[in-house]
1. Run down Asn101, Asn49 and say which single residue is over 23 Å from Ala20 (Cβ atoms), outside any helix (DSSP H, G or I), of a type outside the set (D, E, K, R) and open to solvent by 70 Å² or more (accessible area, probe 1.4 Å).
2. Within the range 19-41, can you find the residues that are in a helix (DSSP H, G or I) and either within 9 Å of the chain's Cα centre (by Cα) or under 19 Å from Met97 (Cβ atoms) (or both)?
3. Determine which member of the set Arg95, Arg113 is basic (Lys, Arg), at pLDDT 90 or above, closer than 24 Å to Val130 by Cα and touching an Asp or Glu at 6+ places or on another chain (Cβ under 8 Å).
4. Is at least one residue of the range 53-68 among the acidic types (Asp, Glu) and open to solvent by less than 50 Å² (accessible area, probe 1.4 Å)?
5. Just one of the numbered conditions (1) at pLDDT 95 or above; (2) more than 14 Å from the chain's Cα centre (by Cα); (3) not in a strand (DSSP E or B) is not true of Val106; which one?
6. Which ones in the range 34-63 are in contact (Cβ under 8 Å) with a residue 40 or more places away in the chain and farther than 16 Å from Val112 by Cβ?
7. Looking only at residues in the range 157-201 that are more than 18 Å from the chain's Cα centre (by Cα), in contact (Cβ under 8 Å) with a residue 24 or more places away in the chain and open to solvent by 20 Å² or more (accessible area, probe 1.4 Å), which one is nearest to Ser114 (Cα to Cα)?
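The values are calculated or read from the model by the stated rules, or taken from the named source; none is laboratory data. It should be emphasised that the depicted structure is a prediction, and the values quoted were computed from it without experimental measurement. Neighbour counts run over all protein chains shown; Cβ positions are idealised from the backbone, glycine included. Ligands, DNA and RNA are stripped out before the accessible areas are found, and what is left, the full protein with its side chains, is counted by its heavy atoms. Shrake-Rupley method; radii C 1.70, N 1.55, O 1.52, S 1.80 Å.
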Amino acid sequence: MKDITIAIDGHSSTGKSTVAKQLAKQLNYTYVDTGAMYRAVTYFAMQNNCFNGAQLQTEALLKQLDEISISFDFNQETQKSYILLNGKNVEDSIRSMSVSNKVSTVAKIPQVRSKLVEIQQKMGKKGRIVMDGRDIGSVVFPDAELKLFMTASVEARAQRRFNEIKSKNPQVTYQDVLNNVIERDQIDSTRSVSPLIKTEDAILIDNTNLTPEAQFTQILQLAQQRIKAH
């Protein structure tokens, strides 16, 4: 059996990261959350005067792009990986609604995408990797042996995201989250560089009415079949 690369793309709040983590753990593969990488750059931009209100000062960010270092580490106690921005754990900070509202604006900048794609491709050179994001199968690993494209109804995704963040952010409303999901879909799908698309060879997973357990069973079987085939 050959080690393979697994690319998981799809819309926001479809549970890509959750299922990718589960899959990597089950297969003993490395997991990389590319969405967290774009969130980290967004958080950096917010902390370093690159936003004027909601307006991104693109040139200010580009001037500081070389100062950004992103890596992942694994906590043996919690058995979870977390993202480091310039050596600092920002796993919790990047999950805020304020970052969510700005991340698609940062992610559509060609120079940001180029920098992060380069890092991602270096991470994936050894194989045995599960990576999720928006352009993994189309740009980062176009030759990945298994490509999945995850989607669900806008309402289902907004409800999941709302359930996830309401305890940390009691002020947020379902409508806030729904608007954010719709806006991110629009930006992700229409940007000029690496738009969110389903490649012809990607397997569609619509989890609107799937339980997490049923979805994981389905995806694990697909991965195991593809590993055996190689």
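1. That would be Asn49, the only listed residue that is over 23 Å from Ala20 (Cβ atoms), outside any helix (DSSP H, G or I), of a type outside the set (D, E, K, R) and open to solvent by 70 Å² or more (accessible area, probe 1.4 Å).
2. Thr34, Gly35, Ala36, Met37, Tyr38, Arg39, Ala40, Val41 - these are the residues of the range 19-41 that are in a helix (DSSP H, G or I) and either within 9 Å of the chain's Cα centre (by Cα) or under 19 Å from Met97 (Cβ atoms) (or both).
3. On the way: Arg95 fails: touching an Asp or Glu at 6+ places or on another chain (Cβ under 8 Å).
Every option except Arg113 fails the conditions.
4. No, that holds for no residue.
5. Going through the list (1) at pLDDT 95 or above; (2) more than 14 Å from the chain's Cα centre (by Cα); (3) not in a strand (DSSP E or B), Val106 breaks only (2).
6. Step one: filter the range 34-63 for residues in contact (Cβ under 8 Å) with a residue 40 or more places away in the chain, giving 34-46, 51, 54, 56, 58, 61-62.
Scanning the range 34-63 gives a single hit, Ala54.
7. Narrowing the range 157-201 to residues more than 18 Å from the chain's Cα centre (by Cα): 159, 163, 166-176, 178-179, 192, 200-201.
Cutting the leftovers down to in contact (Cβ under 8 Å) with a residue 24 or more places away in the chain gives us 168-169, 172, 176, 178, 192, 201.
Narrowing further to those that are open to solvent by 20 Å² or more (accessible area, probe 1.4 Å): 168-169, 176, 178, 192, 201.
On the way: Lys168: 33, Asn169: 33, Asp176: 31, Leu178: 29, Ser192: 13, Asp201: 23 Å.
The extreme case among them is Ser192.
Matching residues to (1) modelled with pLDDT of 90 or more; (2) assigned to a loop (DSSP other than H, G, I, E, B):
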| residue | (1), (2) |
| --- | --- |
| Arg157 | yes, no |
| Arg160 | yes, no |
| Glu164 | no, no |
| Ser167 | no, yes |
| Ile182 | yes, no |
| Val193 | no, yes |
| Thr199 | yes, yes |
